[in-house]
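Beneath this line is the structure, given in structure tokens, with notes to follow.
What follows draws every value from the coordinates through simple rules; no lab data is involved. Just so it is clear, the structure is predicted and the values come from calculations on it, not from any experiment. When we count neighbours, we look across all protein chains shown, and the Cβ atoms used for this are built from the backbone with ideal geometry, even at glycine.
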Amino acid sequence: MIRLLIADDHKLFRDGLRRILEMEEDLVVVGEASDGEEACRMAASLRPDVVLMDINMPTVNGVEATECIVRTVPDCRVIILSIHDDEAYVYRALSGGAKGYLLKEMDSDELIEAVRTVARGEAYIHPRVTNKVLDQLRRLREGRTPLADDGAMAPLNEEMVARFRQLTSREREVLQLLAEGKSNRQIGEALFISEKTVKNHVSNIFQKLGVDDRTQAVVLAIKHGWVRI
């Protein structure tokens, strides 16, 4: 079972999340917090696997609460819930230790996928937010702000070339679509394959490139010019 803590100052929203989450056999909500300070205390006592954290809350905001939880309960993973898709909010949340960033306009399927993905130790960022982050990387590269220690593009050493060459043509297609901010479901629709097959391809990409999640895979691919952006 994946044990969840919901932190949001709107009870109606918390109730809605609980109903959606507890329809799944592998998910259980073990607590609810109405502000960041309460979320920190409850995370320390309940030790949930995943916290769904509103970014804007009274007393202690979601980013500050995330930093507290990551520091005191390192095995707990946090998904930020926000109405903001601005990259400044995303960077702030991820810098605070969040493993996921979801917009509150998400549908229930995306919420469930995000929870399961983050519970596995991977990152999950809303596709529209991913595009914002990628736009920032594009601007960095076009402005020749270094993405690597010695220039705007990371050097293609033999090890990195060997890693990329391990990818099949289909895995390279999937990597390109990941870089475009597509979800697993959208990738499956674009390539006419099942979502399960997409997940297998994504897992293979992570293993071959030596990364832990899709964000790391995309950043690595952009750095080395493996995808079109």
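Below, the figures for the structure above:
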quantity	calculated
Positive minus negative residues near S203 (Lys, Arg vs Asp, Glu; Cβ under 12 Å)	+1
Whole-angstrom gap from the range 151-227 to the range 18-40, using each part's C-alpha centre	32
Angle in degrees between helix 214-223 and the longest Cα principal axis of the chain, rounded to the nearest 10	30
Reach of K196 by Cα under 24 Å, taken over lysines that are not fewer than 8 positions away in the same chain	K99, K182, K208
Cβ-based net charge around E37, under 12 Å, with every Lys or Arg adding one and every Asp or Glu removing one	-3
The chain, helix-only ellipticity at 222 nm - DSSP H runs n ≥ 4, -39,500 (n - 2.57), divided by all residues, nearest 500	-16000 deg cm²/dmol
Relative contact order of the chain, defined on C-alpha pairs under 8 angstrom at six or more residues apart (%)	13
Under 17 Å from the Cα of K104 - lysines, other chains or at least 8 residues apart	K11, K132
Isolated Cys residues of the chain, judged by Cβ distance under 4.7 Å to other cysteines	C76
Antiparallel bridge percentage (DSSP; both residues within the chain; nearest 5)	5
